[in-house]
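The values are calculated or read from the model by the stated rules, or taken from the named source; none is laboratory data. All values derive from a computational prediction rather than experimental measurement. Here the Cβ positions follow ideal geometry from the backbone for every residue, glycine too, while neighbour counts run over all protein chains shown. Ligands, DNA and RNA are stripped out before the accessible areas are found, and what is left, the full protein with its side chains, is counted by its heavy atoms. Shrake-Rupley method; radii C 1.70, N 1.55, O 1.52, S 1.80 Å.
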Amino acid sequence: MQRDQVDKENLEVLDLAVDLASQAGAIQRQRYETQLDVRTKSASIDLVTEVDRQCEALIIAGLQAVRPGDAILAEEGGGRDHDESPWRWVIDPLDGTTNYAHGFPRFCVSIGVEYRGSRRIGVVYDPLLDELFYAVHGAGAWLGQRRLAVSSTAVLGEALVATGFAYDVHDSQDDNLARFAQVLKAARGIRRDGSAALDLCYVAAGRLDAYWEFKLHAWDVVAGCLIVEEAGGCVSDILGGPVPPAGDEIVATNALLHAAILAQMNA
Ligand code: IPD
Ligand code: CA
Ligand code: CA
């Protein structure tokens, strides 16, 4: 990133987010495949571990020490969301908890920062691969020193696409299975890897051509959406409008495939 072209406060926020994501990632690396205290939340398949909570506590303490006035929305509830500050940090301390609890090596830390309601900074850190994805609005998306660009796949039949399923999948009729079947029959391949934030970063990096999911939360998508957009991709709801602030409906593509994926979503 050309740091001399980025506004000073944006750089300070980026550097802090990178530092906190790296520290949380180090905990995840240390505790990976060790004995964990695994509990359930909204459903029997919605898990949380002490590593989720430890990572969130570390990030919030580090953030409040430097920027005590900023609003914080964090998945495990440790933040303080309020309207007084223009800055809001949206934090998923461990995205991919089911994977983490099973020793499946695909999880990350996701930190998105909004300024007056707009996505400004995104940091996603995969501690096992030591891959740091980040973006600043207007300054591109990066994987370490490499500038990211979405793929040039223009045909759905040549696309690798990812999705995910919500924790109410055992009970809900609104389960994404019909759309999964539809895209499976139309795309080159489909993946369900279990980390929404990494799925978005993989669209930005051209490793995936498209990704969609429902019933997510802001902490799953704020960082990744900015990273996709800054890599030249497109993010929307399933009608092509803005991603809802709650993050509960998202289609992310390399832009070339956006219309084709929206058509599949609405068929
Ligand atoms: C989950 C992951 C998963 C997605 C779920 C999310 P968590 O986040 O991103 O890929 O399918 O809907 O809730 O619970 O591991 O932070
Ligand atoms: Ca998550
Ligand atoms: Ca999480």
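When the stretch 143-179 is examined, which residues are found to be in contact with a strand residue (DSSP E or B) (Cβ under 7 Å, 6 or more places away or on another chain) and crowded, with 17+ Cβ neighbours inside 10 Å?
Within the stretch 143-179, Leu143, Leu148, Ala159, Leu160, Val161, Ala162, Thr163, Gly164, Ala166, Asn176 qualify.
In this structure, does Gly77 turn out to be closer than 16 Å to Cys225 by Cα and either at pLDDT 95 or above or not hydroxyl-bearing (Ser, Thr, Tyr) (or both)?
no
State all residues of the stretch 203-215 that are within 15 Å of ligand 2 (Cβ to nearest atom) and crowded, with 22+ Cβ neighbours inside 10 Å; if no residue qualifies, say none.
Within the stretch 203-215, Tyr211, Glu213 qualify.
Residue by residue through the stretch 176-190, note down the ones that are touching a residue at least 60 places away in the same chain (Cβ under 8 Å) and within 15 Å of Leu160 (Cβ to Cβ).
Across the stretch 176-190, the qualifying residues are Val183, Ala186.
Taking the stretch 79-91 as the search range and keeping residues that are open to solvent by 10 Å² or more (accessible area, probe 1.4 Å) and in contact (Cβ under 8 Å) with a residue 12 or more places away in the chain, which one is farthest from the chain's Cα centre (by Cα)?
Per the stated criteria, the residue is Glu84.
Of the residues Ser22, Ser44, which is in a loop (DSSP other than H, G, I, E, B) and either under 22 Å from Val136 (Cα atoms) or open to solvent by 70 Å² or more (accessible area, probe 1.4 Å) (or both)?
After ruling out the rest, the residue left standing is Ser44.
Listed residues Asp126, Asp220; which is at pLDDT 95 or above, surrounded by 18 or more Cβ atoms within 10 Å (Cβ to Cβ) and not assigned by TED's automatic domain parsing to the domain that holds Arg88?
From the options Asp126, Asp220, the qualifying one is Asp220.
Output yes when any residue across the stretch 92-104 is exposed (fewer than 14 other Cβ atoms within 10 Å of the Cβ) and away from ligand 2 (no atom under 16 Å from the Cβ), and no when none is.
yes
For the stretch 109-116, does any single residue satisfy the condition of being surrounded by fewer than 16 Cβ atoms within 10 Å (Cβ to Cβ) and at negative phi?
no
Taking the conditions exactly as written (away from ligand 2 (no atom under 16 Å from the Cβ), touching a residue at least 60 places away in the same chain (Cβ under 8 Å) and open to solvent by less than 20 Å² (accessible area, probe 1.4 Å)), does Gly140 satisfy them or not?
Yes: the conditions hold for Gly140.
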